[in-house]
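Trainee: One structure coming up, written as structure tokens, with questions to follow.
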Amino acid sequence: MAERVWTLRDALSWTSEYLGRKEIEQPRLSAEWLLSAATGLSRVELYAYHERPLTPEERTTLRESVKRRAVGEPLQYVTGEMPFRHVVMHVRRGVFIPRPETEILVDVALELLQGVEDPLVVDLCTGSGAVACSIAHEVQAARVIAIDLSPEAVSMASENAERLGVAERVEVLEGDLFSPLSIDLHGQVDLVVANPPYIPSSDLPDLPADVLGYEPGLALDGGPDGLDTARRIMEDSCIWLAPGAGLAMELDESRVKDAVKELSEWYQECKGIRDLSDRDRVAAGRRQRIEARATDTNGGGPS
């Protein structure tokens, strides 16, 4: 008996129904992504050429991908890709998956860089390099130093920078926050941007299973109140930022207001920024200028 011919429409329908039975969130979207990755076609082309048969190789690839997704592995790890702003990032197990809400962090970064010529940016806790690569992609004169404590993240961010054609302007270093930087950069950085681990430790058990079971804990746990790493960044950035230079951090929505309050001890123009879901998402400010610190009746912060 001849083997059944599976068309794109057949495969999309079966995959969607199967993932739905497995109680996978948004099964139709998952099916589109998996089939798109298996065939190399865009999601629009899946429908435009819905009668096209799958090759044996495509069927094998799809079958293995569906197995992984059906047990809850994040879709981005299965396909190896995550669209982010104007680029597509590659991701894999051991590296934090960039989120759509993190795109607002890049918006804030670009605002803080307005009017700065040939800016030097430091991206802490870079993960896949999504923020660093996006800034370099959108600000052609920018030089970005991306830093992460995880060797897996450093490798992934380096690969993404190379693949996206920004490796000459994105330097990826391994280390704890600012530790890999040369002291020659004290007071020379035009922007520090960070998406640090910010989930309060007590909230970690409540995270979705596909996050807890697959994504690196190092990128999630922000300590008792979610601000352990953020506080270190606030304080240490004062040493590296030029006067008037900006700092922007993505944080847990329940901690942004507290972070802005603490940020105001060292910085000016401090504010919280909401994401597209109208949730507090980013805390930002500018390092105090010399004249501002000179008139600070409260003694100011580190210079």
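Trainee: Within the range 181-205, can you find the residues that are more than 20 Å from residue 228 (Cα to Cα) and either aromatic (Phe, Trp, Tyr) or part of a loop (DSSP other than H, G, I, E, B) (or both)?
Mentor: Of the residues in the range 181-205, the ones more than 20 Å from residue 228 (Cα to Cα) are 181-191.
181, 182, 186, 187, 188, listed by residue number.
Trainee: Now a separate question. Has the range 239-260 got any residue that is more than 21 Å from residue 119 (Cβ to Cβ), more than 17 Å from the chain's Cα centre (by Cα) and part of a loop (DSSP other than H, G, I, E, B)?
Mentor: Quick first cut of the range 239-260, residues more than 21 Å from residue 119 (Cβ to Cβ) only: 251-260.
Filter once more, keeping what is more than 17 Å from the chain's Cα centre (by Cα): 254-260.
Add one more test, that the residue is part of a loop (DSSP other than H, G, I, E, B), and what stays is 254-255.
Checked against the condition, which is being more than 21 Å from residue 119 (Cβ to Cβ), more than 17 Å from the chain's Cα centre (by Cα) and part of a loop (DSSP other than H, G, I, E, B), the range 239-260 yields at least one hit.
Trainee: Considering 88, 78, which residue is within 23 Å of the chain's Cα centre (by Cα), in a strand (DSSP E or B) and either modelled with pLDDT of 90 or more or within 30 Å of residue 139 (Cβ to Cβ) (or both)? Walk me through how you get there before you give the answer.
Mentor: Working: 78 fails: in a strand (DSSP E or B).
From the options 88, 78, the qualifying one is 88.
Trainee: Checking the conditions here, which among 25, 32 is touching a helix residue (DSSP H, G or I) at 6+ places or on another chain (Cβ under 7 Å) and either without any contact (Cβ under 8 Å) to a residue 24 or more places away in the chain or in the same structural domain as residue 209 (by TED's automatic domain parsing) (or both)?
Mentor: Exactly one residue qualifies, and that residue is 32.
Trainee: Determine if the range 197-218 includes at least one residue that is more than 16 Å from the chain's Cα centre (by Cα), more than 28 Å from residue 94 (Cβ to Cβ) and surrounded by fewer than 21 Cβ atoms within 10 Å (Cβ to Cβ).
Mentor: no
Trainee: Residue under question is residue 157, and the condition is that it be over 23 Å from residue 75 (Cα atoms), assigned by TED's automatic domain parsing to the domain that holds residue 238 and surrounded by 24 or more Cβ atoms within 10 Å (Cβ to Cβ); does it hold?
Mentor: Against the criterion (over 23 Å from residue 75 (Cα atoms), assigned by TED's automatic domain parsing to the domain that holds residue 238 and surrounded by 24 or more Cβ atoms within 10 Å (Cβ to Cβ)), residue 157 does not qualify.
Trainee: Against the definition (among the acidic types (Asp, Glu), crowded, with 16+ Cβ neighbours inside 10 Å, within 19 Å of residue 105 (Cα to Cα) and assigned by TED's automatic domain parsing to the domain that holds residue 98), how does residue 280 come out, yes or no? Steps first, answer last, please.
Mentor: On the way: among the acidic types (Asp, Glu): yes; crowded, with 16+ Cβ neighbours inside 10 Å: yes; within 19 Å of residue 105 (Cα to Cα): yes; assigned by TED's automatic domain parsing to the domain that holds residue 98: yes.
For residue 280, the condition - among the acidic types (Asp, Glu), crowded, with 16+ Cβ neighbours inside 10 Å, within 19 Å of residue 105 (Cα to Cα) and assigned by TED's automatic domain parsing to the domain that holds residue 98 - is met.
Trainee: Please work out which residue is nearest to residue 210 (Cα to Cα), limiting yourself to the range 37-54 and to residues that are surrounded by 15 or more Cβ atoms within 10 Å (Cβ to Cβ) and free of Cβ contacts under 8 Å to residues at least 40 places away in the same chain.
Mentor: 38
Trainee: Restricting attention to the range 1-15, which residues are surrounded by fewer than 20 Cβ atoms within 10 Å (Cβ to Cβ) and in a helix (DSSP H, G or I)?
Mentor: 9, 10, 13, 14
Trainee: In addition: Checking the condition under 23 Å from residue 151 (Cα atoms), more than 14 Å from the chain's Cα centre (by Cα) and buried (at least 16 other Cβ atoms within 10 Å of the Cβ), which residue from 73, 58, 32 passes?
Mentor: Details: 58 fails: under 23 Å from residue 151 (Cα atoms); 32 fails: under 23 Å from residue 151 (Cα atoms).
On inspection, the qualifying residue turns out to be 73.
Trainee: Same structure again: Mind checking which residues of the range 178-194 are crowded, with 18+ Cβ neighbours inside 10 Å and closer than 21 Å to residue 114 by Cβ?
Mentor: Pass one, the range 178-194, residues crowded, with 18+ Cβ neighbours inside 10 Å: 178, 181, 189-194.
Answer for the range 178-194, where residues must be crowded, with 18+ Cβ neighbours inside 10 Å and closer than 21 Å to residue 114 by Cβ: 189, 190, 191, 192, 193, 194.
Trainee: Moving on to the next point. State all residues of the range 168-208 that are without any contact (Cβ under 8 Å) to a residue 40 or more places away in the chain and among the hydrophobic types (A, V, I, L, M, F, W, C); if no residue qualifies, say none.
Mentor: Scanning the range 168-208 gives 173, 183, 204, 207.
The values are calculated or read from the model by the stated rules, or taken from the named source; none is laboratory data. If you're wondering where the values come from, they're calculated on a predicted model, not measured in any experiment. Virtual Cβ from ideal backbone geometry, glycine too; neighbours counted across all protein chains shown.
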